[in-house]
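Below you'll find the structure, written out as structure tokens, and then a few comments.
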Amino acid sequence: MEARPLDALNNARGKNVLVELKNGRQFVGALKAFDIHINVVLDNTEERENGQTKRKIGTVFLRGDTIILISPSA
Amino acid sequence: MEARPLDALNNARGKNVLVELKNGRQFVGALKAFDIHINVVLDNTEERENGQTKRKIGTVFLRGDTIILISPSA
Amino acid sequence: MEARPLDALNNARGKNVLVELKNGRQFVGALKAFDIHINVVLDNTEERENGQTKRKIGTVFLRGDTIILISPSA
Amino acid sequence: MEARPLDALNNARGKNVLVELKNGRQFVGALKAFDIHINVVLDNTEERENGQTKRKIGTVFLRGDTIILISPSA
Amino acid sequence: MEARPLDALNNARGKNVLVELKNGRQFVGALKAFDIHINVVLDNTEERENGQTKRKIGTVFLRGDTIILISPSA
Amino acid sequence: MEARPLDALNNARGKNVLVELKNGRQFVGALKAFDIHINVVLDNTEERENGQTKRKIGTVFLRGDTIILISPSA
Amino acid sequence: MEARPLDALNNARGKNVLVELKNGRQFVGALKAFDIHINVVLDNTEERENGQTKRKIGTVFLRGDTIILISPSA
């Protein structure tokens with residue numbers, strides 16, 4: 001059983017996740033790394049808009065304080 | 001008797017809660033995990049809009065600093 | 001005599017308080033718990049709008065950094 | 001001589017102060033308590049708008065991070 | 001030689017300074033006290049608008065996180 | 001394997017990165033330095049707008065809390 | 001070689017730098033002092049607007065959390 005939120009992120013390592021930012025932007029990529037600030041690194045990342053791929057940006061570092069949600073079931 | 005706010009969240013573990021974000025978005029799901037930053041993980045999550053299900057997103061990690069309220073009586 | 005702000009909240013435990021958020025929303029409920037971040041749990045909570053009950057939401061956890069004021073004389 | 005800002009607040013204890021918030025709201029009341037976060041408790045508080053009393057709210061706890069200024073010469 | 005920003009404020013103690021806030025408001029007064037959060041207390045303070053005195057408010061405590069700049073050469 | 005987000009930045013040292021700020025501005029330059037706050041220094045920096053060079057600003061220090069993302073694959 | 005962002009600021013001590021704030025304002029002056037919060041003191045400061053001098057304000061203390069970028073190549 002998972003008792004801490006970061007356990008859920010740990011279980012999602014290497015899997016595709018959806019990351020939504022405070023400004024509404026959405027990124028989908030493989031969760032490569034995260035830390036306690038919820039800074040996140042994604043691989044093979046696509047930025048999405050209205051459910052469609054807007055651009056492919058490979059590896060991306062997303063600063064934690066801009067993140068609203070991370071969904072491992074992307 | 002509960003003396004600390006996090007006790008109320010602890011009592012809600014495994015139960016359905018409503019989470020409202022600063023940008024007005026609403027999520028309902030089973031409270032799986034939380035921490036002192038009020039980072040929250042929900043299971044079987046639905047995003048709601050005007051009282052209706054907008055989309056189902058399974059497991060979701062919500063960053064604490066975007067959260068306004070959590071209501072265990074959802 | 002009360003020297004610290006949290007003493008005022010402590011005196012209001014179990015009593016009805018008005019909580020106003022940064023986005024203008026208002027909640028009235030019995031103050032069940034609070035902590036140094038001013039995270040607050042209310043019981044028998046009503047959300048109010050223009051002085052009238054908008055909805056009843058039972059127990060609610062309000063994240064401290066969204067709170068502007070708490071008035072024990074609600 | 002006062003070397004620290006909180007000394008000025010300490011000198012104002014029990015006296016009427018004007019507190020202005022980031023959203024423009026103004027409160028005048030007797031300064032009952034404050035802490036290092038500038039959380040403040042006022043007694044016999046009046047909310048003011050355009051220099052006039054808008055409502056009387058007795059005791060009020062104001063969260064420090066919403067406060068712009070406190071003027072002991074209210 | 002000054003190596004730290006607070007040294008500049010220390011040199012301005014007792015002198016008139018201009019303080020500009022994030023919301024555009026401007027205050028000019030004698031710098032009485034400050035701390036590491038840049039909380040500031042001014043004496044004989046005037047609020048200015050478009051270069052003109054808007055109101056005189058005597059002593060005022062300004063919370064540091066609302067401040068953009070402090071100019072000792074006011 | 002990289003376990004921490006800052007490892008991804010470390011691997012990008014000396015290489016061109018794209019940095020996007022909360023206000024939408026974009027900078028491309030060689031990543032010279034970063035710290036745990038994600039303060040960043042770029043060399044040979046260009047500010048970009050709509051995919052085109054807006055101005056060249058040589059070395060630039062970008063404060064971490066204004067940064068949304070850093071993409072080493074710029 | 002510089003490994004930390006503050007090294008870049010240290011190298012710019014006494015030289016003219018451009019400082020841009022979150023609200024779009026721009027200041028150019030000699031970098032006199034800075035600290036880990038990126039609080040900055042400039043000497044012989046000019047505020048600029050659209051590339052032109054708007055006003056001269058001598059010495060100015062700029063609070064770090066309002067700063068977006070500092071460019072030593074101003």
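Note on chain E: with a GNM built from Cα contacts shorter than 10 Å, the maximum mean-square fluctuation among E:11, E:44, E:23 falls on E:23.
For the range F:4-58 and chain E, what is the separation of their Cα centres, given in Å? Centre-to-centre (Cα) distance: 34 Å. GNM remark for chain E: springs join alpha carbons under 10 Å apart, and the peak mean-square fluctuation among E:15, E:54, E:32 falls on E:54.
Values of log10 I(q)/I(0) for the range G:5-71 across q = 0.22 Å⁻¹ run -0.87, by the Debye formula with one identical scatterer at each alpha carbon and no solvent.
Could you compute the FRET efficiency for residue C:47 and residue A:37, with r as their C-beta to C-beta distance and R0 at 45 Å, rounded to 0.05?
0.90
Among G:16, G:39, G:50, the residue with the largest mean-square fluctuation in a Gaussian network model of chain G, with springs joining Cα atoms closer than 10 Å, is G:50. Peptide F:7-16 has a mean of 2 when you count, residue by residue, the C-beta atoms of other protein chains within 10 Å of its C-beta. Divide by every residue of chain A the summed helix terms, -39500 (n - 2.57) for each DSSP H run of at least 4, and state the resulting mean residue ellipticity at 222 nm, rounded to the nearest 500 deg cm²/dmol. About -2500 deg cm²/dmol. Averaged over peptide B:35-41, the number of partner chain Cβ atoms lying within 10 Å of each residue's Cβ comes to 6. Working from label points 7 Å from Cα in the Cα-to-Cβ sense, the residue C:54 to residue A:11 distance is 3.4 nm.
Could you check how many percent of all C-alpha pairs in the protein assembly as shown are farther apart than 43 Å?
In whole percent, the share of Cα-Cα pairs in the protein assembly as shown beyond 43 Å is 23.
Close Lys pairs in the range B:2-66, defined as Cα atoms under 20 Å apart and 8 or more places apart or on different chains, number 4.
Coordinate-derived values only; no laboratory data. Keep in mind the model is a prediction, meaning the values are calculated, not measured. For neighbour counting, all protein chains shown are included, and Cβ atoms are generated from backbone atoms with ideal geometry for every residue, glycine included.
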